[in-house]
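A short write-up of the structure that comes next.
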Amino acid sequence: MQSKYKIRLLRANLFAAAFVLALWTLAAPSAASLALWLSVGWLFITAMLLDFSHRHSRGLPWQMLAGTLLLGLIAAAPERHSLLVWAWAAMFMLPQRRWIAVFNAIAALLSWLLVASLLSRAEGFLLLAALTTLGILSAARACQLIDLNGSIRQRLRLIPGLNLWAGEQLLKDLSREQTRSEREAVYAEVCLIQVKRHQLWSAAQKLCSLTYSFENVYRLNSHTLATLTLSHSPKEATQRRQLLYAALPEKQRCQHIPLMDMELSTVTLDALTHFLPQQSGERE
C-alpha cells in the first residue's frame, strides 16, 4: 500500500474519532464537554494538516498533548469516561522521547487513581496490573518498531523514484566506489552541500535531476546533502560541480573531497560535515 493511501486512511480514522467524541458531548456535563470539544478540535486540526511528506518529524511533543487531553477527559468525568483509561495502552505504542513517556506514565497513573476511586480495592489493583502489563507490552512493541524502521530507513530511498538515500548508505558506497575508481581509472569525488532546513528537499530533488542515474545523492542531516559523482577527469568533475552549485540556492556552504584522498576507516557522517567551510557562500 502506498504511503498516500495510508495517510488517507489515517485521516479518515481521525475524522471518525472526532465525530464520535462530538456525539459524546450531547449529554456531557460542562467540564466534560469542554474537554471533549478540545479533543475534537485537536483531532480535526490534526486530520486537516496531515499530509504525505518526506520531511522527518522535528520531535514536537504531540504525544504529550494527546496524553494531556486523555487525562483531561478522564478527570472531567471519571464515572462517565472510565473506559478511556484503556486508551493508555495504545498511547505507549507511539514512538516518543523518554521524558514524554515519563509524563504519559504519570498521567496514566493519575487516570488510574481517578477511576480506581469508583472501584473496590481488589478491582482497582487488578486494573492497575492489567494497565501496567499492557503498557509494558506496548512500549516494547514501540521500541521494536523504532529499531525496525531505523534499519529500513538506512536501506530504502528517502523519496521513491529518486536516487536520494540516507547518509548511512554513503558510508557503504564509499568503499565500493573507491575500489571501482582504482580499477577503472575513474575520477570520483564527494560533494558536500549545506543549505537551510526548508530548502533541503527541493535542493535534493534538484541534485537528483542533475546527476546520472548511476550516481546517488545522500541526506547526511537536516541541513546537509552529499553527492558521489564519477567523471573521466578532474577537469570534467570541476565543470559538473560548478553546474550543480549553480542550480542550488545562493546561500550555501559547499566542499568537495576527492574519493581517493579519503581515509575510509575514519570517515563518519559527523566527520564529513566538518569538512564544510565555516562561512556561508563559500564554494571550494
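The values are calculated or read from the model by the stated rules, or taken from the named source; none is laboratory data. Everything quoted here is computed from the prediction, not taken from an experiment. FYI the Cβ positions are ideal-geometry reconstructions off the backbone, even for glycines, and counts take in every protein chain you see.
Looking across segment 170-223, the residues that are farther than 18 Å from SER265 by Cβ, assigned to a helix (DSSP H, G or I) and among the polar types (S, T, N, Q) come down to GLN199, SER202, GLN205, SER209. Within segment 92-105, the set of residues being within 15 Å of LEU65 (Cβ to Cβ) and at pLDDT 85 or above comprises TRP99, ILE100, ALA101, PHE103, ASN104.
Among (1) closer than 17 Å to LEU164 by Cα; (2) surrounded by fewer than 19 Cβ atoms within 10 Å (Cβ to Cβ); (3) in contact with a helix residue (DSSP H, G or I) (Cβ under 8 Å, 6 or more places away or on another chain); (4) modelled with pLDDT under 85, there is one condition LEU248 misses while meeting the rest; what is its number? Answer for LEU248: the failing condition is (2). Report whether or not GLU236 is touching a residue at least 12 places away in the same chain (Cβ under 8 Å) and surrounded by fewer than 16 Cβ atoms within 10 Å (Cβ to Cβ). Criteria met by GLU236. Residues in segment 251-267 that are part of a helix (DSSP H, G or I) and surrounded by 13 or more Cβ atoms within 10 Å (Cβ to Cβ): LEU259 alone. Candidates ALA271, ALA188: the one that is crowded, with 20+ Cβ neighbours inside 10 Å and not acidic (Asp, Glu) is ALA188. When you scan segment 114-123, do you find a residue that is at pLDDT below 90, assigned to a helix (DSSP H, G or I), within 16 Å of LEU71 (Cβ to Cβ) and not aromatic (Phe, Trp, Tyr), even just one? So far as segment 114-123 goes, no, none of its residues is at pLDDT below 90, assigned to a helix (DSSP H, G or I), within 16 Å of LEU71 (Cβ to Cβ) and not aromatic (Phe, Trp, Tyr).
Of everything in segment 129-163, what is among the hydrophobic types (A, V, I, L, M, F, W, C) and either at positive phi or modelled with pLDDT of 85 or more (or both)? Give them in sequence order. Residues satisfying the conditions are ALA129, ALA130, LEU131, LEU134, ILE136, LEU137, ALA139, ALA140. Within the set ALA75, ALA27, the sole residue that is over 19 Å from the mean Cα position of the chain (by Cα) and at pLDDT below 80 turns out to be ALA27. When segment 190-207 is filtered for residues that are of a type in the set (D, E, K, R) and in contact with a strand residue (DSSP E or B) (Cβ under 9 Å, 6 or more places away or on another chain), nothing remains. Applying the condition of being surrounded by 12 or more Cβ atoms within 10 Å (Cβ to Cβ), hydrophobic (A, V, I, L, M, F, W, C) and in contact with a Pro (Cβ under 8 Å, 6 or more places away or on another chain) to segment 93-123 and asking which residue is farthest from ALA77 (Cα to Cα) yields ILE100.
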